[in-house]
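Here is the structure we will look at.
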Amino acid sequence: MRRLFHRKQSSFLGFTLLKRALVALPVLAIILAATLFVIDRWVSFQAQDRLYTNIEQVDNFDVAVVLGTSKYLGKILNEYYSHRMGAAIELYDEGKVEHFLLSGDNAHRSYNEPWTMKRDLLNAEVPEEKIFLDYAGFRTLDSVVRAKEIFDTDNFLIITQKFHCERALFIANSHNINARCFAVPGPSRHSGLKVRVREVFARAKAVLDIYITHTKPKFLGPKEPILTSSQATLVGEKVLEENAVEESALEEPERNAPISD
C-alpha cells in the first residue's frame with residue numbers, strides 16, 4: 001500500500017513539474033524573442049551616424065576594409081560579393097579611397113577570400129601596392145579588430161551591406177576603433193530574409209563576445225602597418241633629416257682636422 005502511495009505521489013509530482021515547464025516555455029520564448037529584438041535594434045541604432053548610403057556622402061579615407069564573402073554560391077555569382085567589390089572599385093576611381101585591406105577567410109587552397117578580392121581589384125587596374133591582405137579575417141570581429149591591432153589603422157572605411165555594417169560598427173565602437181561604413185546594396189534576386197534572420201543571432205553573439213566572454217581575434221601577431229602616402233612622405237623626410245645629420249657629423253672632423261706641413 002505504501003509503495004502504491006509513493007508511486008502515485010511521484011507520478012503526481014512529475015506531472016506537476018512537466019506542467020510548470022510547459023507553462024514556463026512560452027514565457028521564456030517571449031523573453032528570448034524580446035531580448036533578441038532589443039539587441040538587434042540597439043546595434044542598428046548605434047551605427048546610424050557612422051553609415052554612408054551614397055557614394056557622394058563618403059569622405060576621403062586612406063584605408064578601406066572590404067569584408068570578405070564567397071564570390072559564388074554554387075555556380076551563381078554572389079551579389080553580396082559583387083556589390084562590395086563594385087563599390088570598392090568605384091570608391092577608388094572616385095579618389096575616395098587610397099588603400100584596400102581585404103579581409104576574409106582562407107580556409108584552404110581552393111577557398112581564399114582575400115586573394116579572390118585582390119584578383120578582381122587588379123583586373124580593375126588598382127595597383128598592387130595599394131592592396132593589403134588579411135588572411136585571418138575569419139569573423140567580423142577578427143577583421144575589424146585586426147585592422148587596428150595588426151595593420152595599425154584606426155580611421156578606416158568598412159565596405160559591406162547595411163546589416164553587416166551595423167554589426168561591424170558595433171564591434172569597432174566597443175573596441176574604441178574609429179571606423180565608418182559604406183552600406184552597399186544587397187541581393188536583387190531574393191529578399192535576403194534568411195541572411196537577415198541569421199544576422200539577428202549574429203548580433204546576439206557579438207554582444208556575448210564583447211560583454212560576457214571578451215572574445216579576441218583568433219590570431220594576433222606582429223604589426224604589419226599599412227603605410228599611406230602621407231606616412232610615407234613623413235618617413236621619407238625623417239630619413240633625409242637623419243642622413244643630413246650623419247653627413248654633417250662626418251664632415252665636422254674633417255673641418256677641424258689639423259693642417260699638416
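Among the listed pairs Lys118/Lys205; Lys130/Lys218; Lys75/Lys96, which are separated by more than 28 Å between their Cα atoms?
Flagged as over cut-off: Lys118/Lys205; Lys75/Lys96.
Given 0.36 nm per residue, what is the gain on full extension from Ala124 to Lys75 after removing their alpha carbon distance, in nm?
15.4 nm
Given the C-alpha atoms of region 47-212, compute the convex hull and give its volume per residue in Å³.
120 Å³
Checking a compactness column here: for region 146-202, what do you get for Rg(Cα) / (2.2 N^0.38 Å), N being the number of residues?
Dividing the Cα radius of gyration by 2.2 N^0.38 Å gives 1.27.
Could you pull out the trypsin sites (Lys or Arg not before Pro) across region 20-112 that fall in loop regions by DSSP (anything but H, G, I, E, B) with no more than 12 other Cβ atoms inside 10 Å?
The qualifying sites are Lys75, Arg109.
Work out the length of the dipole vector of region 47-212 about its Cα centre, built from +1 on the beta-carbon of each Lys and Arg and -1 on the beta-carbon of each Asp and Glu, and round it to the nearest 20 debye.
Here region 47-212 has a charge dipole of around 960 debye.
At Leu220 and Val200, where each label point lies 7 Å from the Cα along Cα→Cβ, what is the point-to-point distance in nanometres?
Once both label points are built, they end up 3.4 nm from each other.
Any read-out appearing in this document is the output of simple, stated calculations on the displayed coordinates, not a laboratory observation. If you're wondering where the values come from, they're calculated on a predicted model, not measured in any experiment. As a convention, Cβ positions derive from the backbone with ideal geometry for all residues, glycine included, and neighbour counts pool all protein chains shown.
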